[in-house]
Amino acid sequence: MPRAPPPRPSEGARLAAYKPGVDVARSRRRREDRLLAVRRSNRDAGLFKRRRDEPTPTPIPPARAATPSSQADDEPTTTTTSPPSSGPSSPPSSPPAESVPPTAAHSELEGLSEMVEKVWSDDATSQLEATIQFRRLLSDEKNPTVIKIIRADVLPRFSDFLSRHEHPQLQMEAAWVLTNITASDYTLLVAECGAVPRLVELLESANANIRHQATWALGNIAADVPTCREIVLDHGAVMPLLAQFREGMKVPVLRTATWALSNLCFGKLPAEVQVKPILDIISQLIHSVDEKILGDACWALCYICDGVSDGIQHVLDAGACPQLVNLLMHASANILLPAITVLARISSGDDAQVQVLVENDILNYLAPLLARNYPKSIKKQACLIVSNISTGSKDNIQAVIDADVISPLIFLLKTSEKDIKEEAAWAISNAASGGSNDQIQYLVSRGCLEPLCNVLTYQDADLVYACLEGLQNILQAGAVGKQGQGSTVNPYAQFILECGGLDKLEDLQEVDNDAIYKLVMKLLEGYWDEEVSDDDPNLPTSNDSAETVETASEDAAQPTEPSASPNESE
């Protein structure tokens, strides 16, 4: 029995209320900007900053000019432990510190005015003694003294101490004090007190420990608001920082330098900053066996892809792609996430850039990430890459099919949390929109129709439109197959009817979106016109209609689904 469709406005009313439709460009690459916004919000929460809580290092000998005979002494020789390091997406965890006993900290805080007097005195011994006291207070994170120290107006004095080249230990202690203040909410005050150019100058110090501490402080400053990062860049910190990467560099120092470089790369880089020297360093760092170095190096590549004109091409020209793809086999999610995020940014590039990923066999690396128990942040990025590859040629869609990625995508589309379902829906919709008739047949045989119809109820207008485009191509393939077999039935239209998809299409007639409305009406009138022809005789009839339709359920063609659902933990 024919069913009456929901009431529809007249054509005149539709034209009168017409508004320009949404931009439904084939590529959905702009969605990556939302992921970058999440990373930016994490950075603004201070997750890139690092407090230094180590015990006092061995006293630093007087500075001397580097000579061939003394070059070996140029690397750190203190017993200082490695800096606390964390992935950019999680808070840093500091090792247990040799903190000041509560009674001693309280006593030093009580004597703050005396410490201030010593800092401002002309006696170098008193200055060093007071600076060490300030550093001890700031190294104890349970002793919130930063605001009291800020109000004591000693920041300019510590900044001055950075230029005391005749007193390297005073330089070191002052840089340490400023490092821990920049790990707080008062970073901008340090950046504006004149410390940045002096810290940049210390990157060329003859003493490796001072260079290390200056690198740490600058890394914290760059990790704050964009204004602070711009101050560091404006004082030319990039090239002196790159000069820290040298043969024989100790791992703790290399970790700090890589982390600081990553923070400098976050956001738009000024045109005068040369990207090639940065990438020359990072393309070596992504081969490191140290996870902290490896993770920060991958994040730096991600930022360059987004923050530099032609950044994606620069990264590809540096030869980073093969190693990034190899990192998809890494055992740690702390490496997988930044590596796959870089690859997702590359997949948002032009067709030639996407082709580099395909040629490096990325799809075969993605299949296990989609099918097995990985965090959903990684699965979402994997879906995004498949989606962007599927927007290309039929050869790319065939590569997706050959890599056996479709079945796990459809499984995710059916069973996962909503945000993963949306990412999987983009990938399947894009493949369906551009696939050949044979490729469409494969997608349908894997069970894509019913979950795609369920996407029609989502609130994302762009995603719904992409799904409609995919269904349109599927129905067109069904019409061609019907004619070739001499049948009166479009099997794909019949199954959409049986699984409730027609009801969802009819509901979309009421959506306040002209692009969606027009495409929905085109599908209804083209493939189910007999359902509405009795109600509205003015609608055109379709040659594809039939009095009766009989087809096997799509479920009969579906493969057996995996026995266990992946764990979608973060």
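The values are calculated or read from the model by the stated rules, or taken from the named source; none is laboratory data. Small disclaimer: the values here were computed from a predicted structure and weren't measured. Please note: Cβ atoms are built from the backbone with ideal geometry, for glycine as well, and neighbour counts cover all protein chains shown. Ligands, DNA and RNA are excluded from the accessible area calculation, which covers all protein heavy atoms including side chains. Shrake-Rupley method; radii C 1.70, N 1.55, O 1.52, S 1.80 Å.
So what J values fall out for segment 220-228 if you push phi through Karplus, 6.51 cos²θ - 1.76 cosθ + 1.60 with θ = phi - 60°, rounded to Hz, Gly and Pro as x?
5, 5, 5, 7, 7, 5, x, 4, 5
Quantify, in whole percent, the carbon and sulfur part of the accessible surface of segment 177-289 (1.4 Å probe; protein heavy atoms only).
C and S atoms contribute 54 percent here.
So, R0 is 22 Å and r is the distance between the beta-carbons of Asn326 and Arg372; what FRET efficiency does that work out to, to 0.05?
Values: r = 18 Å, r/R0 = 0.80.
That pair, Asn326 with Arg372, gives E of 0.80.
Read phi for every residue in segment 237-249 and hand back ³J(HN,Hα) as whole Hz from Karplus 6.51 cos²θ - 1.76 cosθ + 1.60, θ = phi - 60°, with x for Gly and Pro.
Result, ordered by residue: 7, 5, 5, x, 5, 4, 5, 6, 7, 9, 5, x, 5 Hz.
Which log10 I(q)/I(0) values does segment 405-528 give at q = 0.16, 0.19, 0.23 Å⁻¹ under the Debye formula, counting every alpha carbon as one identical point scatterer?
-0.71, -1.01, -1.45
How large a share of the accessible area of segment 405-528, in percent, is made up of carbon and sulfur atoms when the probe is 1.4 Å and the other protein chains stay in place?
The value for segment 405-528 is 45 percent carbon and sulfur by accessible area.
For segment 444-452, take each phi angle, set θ = phi - 60°, evaluate the Karplus expression 6.51 cos²θ - 1.76 cosθ + 1.60, and give the result in whole Hz per residue in order, putting x for glycine and proline.
Once rounded to whole Hz, the list reads 5, 5, 7, x, 7, 5, 4, x, 5.
Report the calculated FRET efficiency for Thr125 and Leu188 (r = Cβ-Cβ distance, R0 = 45 Å), to the nearest 0.05.
For R0 = 45 Å, the calculated efficiency reads 0.90.
Length gain on complete extension for the stretch Asp460 to Glu201, per 0.36 nm per residue less the alpha carbon to alpha carbon distance? Write down the numbers at each step before the final one.
Details: separation 259, 0.36 × 259 = 93.24 nm, distance 5.12 nm.
Length gained, Asp460 through Glu201: 88.1 nm.
Using only protein heavy atoms and a 1.4 Å probe, report how much of Ser387 is accessible, in Å² to the nearest 10.
0 Å²
Report the gain in length on full extension from Met249 to Gln284: 0.36 nm times residue separation, minus Cα-Cα distance, nm rounded to one decimal.
11.3 nm
Relative contact order of segment 405-528: what whole-number percent is it, with Cα pairs under 8 angstrom and at least 6 residues apart?
23 percent
How large is the accessible surface per residue of segment 405-528, computed with a 1.4 Å probe and reported in Å² as a whole number?
Each residue of segment 405-528 exposes 32 Å² on average to a 1.4 Å probe.
Could you compute the FRET efficiency for Ser309 and Gln398, with r as their C-beta to C-beta distance and R0 at 35 Å, rounded to 0.05?
On the way: r = 33 Å, r/R0 = 0.94.
For R0 = 35 Å, the calculated efficiency reads 0.60.
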